[in-house]
Amino acid sequence: MSHVIIGTAGHVDHGKTALIKALTGEDTDRLREEKERGISIELGFAPFRLPGGRLAGVIDVPGHERFIHNMLAGIGGIDLVLLVVDVSEGVMPQTREHVEIMELLKIARGIVVLAKVDLAEDEEWLDLVEEEVREALAGTFLADAPYHRVSSLTGQGLDGLLAEIDRMTKELPERDVKAPLRLPVDRVFTITGFGTIVTGTLLAGRVTTGMNVEILPLGKQARVRSVQVHGTTVEEAVAGQRVAVNLAGVEKETLERGSVLAAPGSLSDTLLIDARLHLLKSAPKAVKNQTRVHVFLGTGRSVGRIVLLDCDELSPGGKALVQIRLEHRLVAQAGDRYIIRSYSPMTTIGGGVVLDARPPRHKRHREDVRQRLLDLEKGDPAVPVLQRIRREEVVAEPVLARQSGLAPEALKQVLERLLTSGQATRIGDLLADGAALGRWRDKLVATLESFHRSNPLVPGISRAELKNVLPKALPSKIYDSLLAGLTAEGRVSVREDLVALAGFEPSPGPEEARLLEKIRGFYRDGGFTPPTLREVADLAGIRQPLAEMLVAYLSWRGEVVRLDDQLAIHRDHFHQAGELLREHFKVHKTLQAGEFRDRLGTSRKFVLPLLETFDRMKWTRRLGDERVPWRLDLDSREVENGE
């Protein structure tokens, strides 16, 4: 069963509250001051049993111009509006302002109620009033709305109005109960013995007893003690219902109207909003860049500045792409509608739709920013998801699922489109921008090309060093996937820890060949006391970077074995050391570094890197100050092959 919220609108003292009482039996004026003054000041709420049996919620808004901020806190969540016009006064200032607000908020359906008909002189007078109202509403969303003439005092016309409300609410689309929870708070109070209670219109998802919710912009989580719908305790409330939520673990003083209960991690508060702004024709003057205004979004409000992104001045009746820079955090989502009122005096001057609730700060008159916002404005649900992936380059899919605001099935369909088109790629639980992956692949290949030109004898660059050319925060699984893809494409080769262009073979020239022969001799003659890399450079009369490249070439050919960044050993001597190790473990269960040092006739400086190399090769395993064989079946063939 779909759930609906019905709201009132209209000038002060035109009979909105009396109409709701006549329809529902509930008096929505709860404050003593409201009863004393005979006008609504705060939002009023009532359950409304429709003729078809459904239970709707009613929000009665104040009509006085001084309380427009209260009206704005309640009007945004309604599905059907009853615009109430007193036939003895006709269209008044707040009638027009309320209609403008509802136009900006894109409330799609409404009924015009000509109230207090018992005060009319005759039917001809009512016809004239109706004609006046129709002229005033021409060109608005209420231009073709049904009209009903009623008297809350005598009951005249109420049955017809009830039937119309019942019919129209049956045609309303259902709200998304599968989307993440979102409940803008319009009231906060306490009840002795129960603690903090918040109320609001549940815009999306569901709230259940015992669940954890996040309170924004407070940034704190709380547990739901209980849920009520129209005074009845329920286990679960769903989108489209008026709900009261009893929260555990949060004080009333920390909450206020404008707070939002949300599924943890699904929403965030913001100080920046990219939006389309429509300035009303009735606005008294143009809006200039950096104009200070009051911003109303959901049940929240803040002062902010309008940054005009694609023009220098916005005239009444015009539209512009803007960034709103807020002074207090609000909770927003793409697609939300908002209202702006002039800073002083406060009058409604415009509003529009949020295009991006998590934007960076923009410079004005940037074509790329303009095009991005125009793409968002098309309303394709895939566009904000793609832009989020492109902006962050890599996003965890669970994070995207929580923060997209889409129901799981809707998000699944969006991602399938992006993956099929190649605009995004899934790697594990990560979603990467397809264009960024292409740039990174090209960057890796270009880096290898440059490395080979500068180091013609080095067989490749280490995986860790190559990764440094990519963004520092890039997850390892993305890097591994890039290398795997380039390898599969035949563009690179990966050998153990080294990465090279596919088909690359180090090729020494005549001078390099002469130096290599000298260095082979150093290691061959060095035995178990080989020279360090620095000593190799000194002995050969070359710079250390060239010595490093030449030794790396010998290591790649298997002629020497690298022990650490300074030491290497000729392969014949390494195999001899391995055979001595194997022979030792035939007789002994453990090996101490000093024993092996003495057996080889070398120094501790050499024997420790050698033993650590044996550890890395899993020939030995260190236990305290001793080594034991990694496997008891280590044989001479493995030692000979260096496996």
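Scoring Arg426 on the criteria (1) over 29 Å from Ile324 (Cβ atoms); (2) buried (at least 20 other Cβ atoms within 10 Å of the Cβ); (3) among the charged types (D, E, K, R) leaves a single failure, condition (2).
Listed here are the residues, each with its yes/no results for (1) closer than 30 Å to Asp625 by Cα; (2) surrounded by fewer than 20 Cβ atoms within 10 Å (Cβ to Cβ); (3) of a type in the set (S, T, N, Q); (4) modelled with pLDDT of 95 or more.
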| residue | (1), (2), (3), (4) |
| --- | --- |
| Glu505 | no, yes, no, no |
| Pro508 | no, yes, no, no |
| Ala513 | no, yes, no, no |
| Pro545 | no, yes, no, no |
| Arg557 | no, yes, no, no |
| Asp565 | yes, yes, no, no |
| His570 | yes, no, no, yes |
| Gly594 | yes, yes, no, no |
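Matching residues to (1) under 30 Å from Val499 (Cα atoms); (2) modelled with pLDDT of 95 or more; (3) not assigned by TED's automatic domain parsing to the domain that holds Leu321:
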site	(1), (2), (3)
Ala357	no, no, no
Leu386	no, no, yes
Arg390	yes, no, yes
Val395	yes, no, yes
Ser404	no, no, yes
Pro408	no, no, yes
Ala436	yes, yes, yes
Leu448	yes, yes, yes
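Yes or no: Leu158 more than 30 Å from Arg257 (Cα to Cα) and surrounded by fewer than 16 Cβ atoms within 10 Å (Cβ to Cβ)? It is false that Leu158 is more than 30 Å from Arg257 (Cα to Cα) and surrounded by fewer than 16 Cβ atoms within 10 Å (Cβ to Cβ).
Could you say which residue among Lys170, Lys178 is under 30 Å from His14 (Cβ atoms) and among the charged types (D, E, K, R)? Spell out how you get there, then give the answer.
Working: Lys178 fails: under 30 Å from His14 (Cβ atoms).
After ruling out the rest, the residue left standing is Lys170.
Criterion first (at pLDDT 95 or above and buried (at least 17 other Cβ atoms within 10 Å of the Cβ)) does Gln290 satisfy it? No; evaluated as a whole, the condition is false for this residue.
Report those helices (runs of 4 or more DSSP H) wholly inside segment 567-630 carrying at least 2 residues which are at negative phi and over 57 Å from the mean Cα position of the chain (by Cα).
Working: elements: 571-587, 593-600, 604-616.
Output list reads 571-587, 593-600.
Looking only at residues that are more than 42 Å from the chain's Cα centre (by Cα) and farther than 23 Å from Leu142 by Cβ in segment 1-26, which one is modelled with the lowest pLDDT? For segment 1-26, the residue satisfying everything is Gly25.
From the list Tyr553, Tyr523, which one is in contact with a strand residue (DSSP E or B) (Cβ under 6 Å, 6 or more places away or on another chain) and in a helix (DSSP H, G or I)? It would help to see each step written out before you state the result.
Details: Tyr553 fails: in contact with a strand residue (DSSP E or B) (Cβ under 6 Å, 6 or more places away or on another chain).
Tyr523 is the lone residue from the list that is in contact with a strand residue (DSSP E or B) (Cβ under 6 Å, 6 or more places away or on another chain) and in a helix (DSSP H, G or I).
Among the criteria (1) touching a Leu at 6+ places or on another chain (Cβ under 9 Å); (2) not in a loop (DSSP other than H, G, I, E, B), the one Glu409 does not fulfil is (1).
For first residues located in segment 583-599 and over 15 Å from Glu612 (Cα atoms), partners that are aromatic (Phe, Trp, Tyr) and assigned to a helix (DSSP H, G or I) and lie 6+ apart or on another chain with Cβ distances below 8 Å form the pairs His584/Phe596.
The values are calculated or read from the model by the stated rules, or taken from the named source; none is laboratory data. Being a predicted model, the structure only gives us computed values, none of them experimental. So basically every Cβ, Gly included, is an ideal-geometry build from the backbone, and we count neighbours across all protein chains shown.
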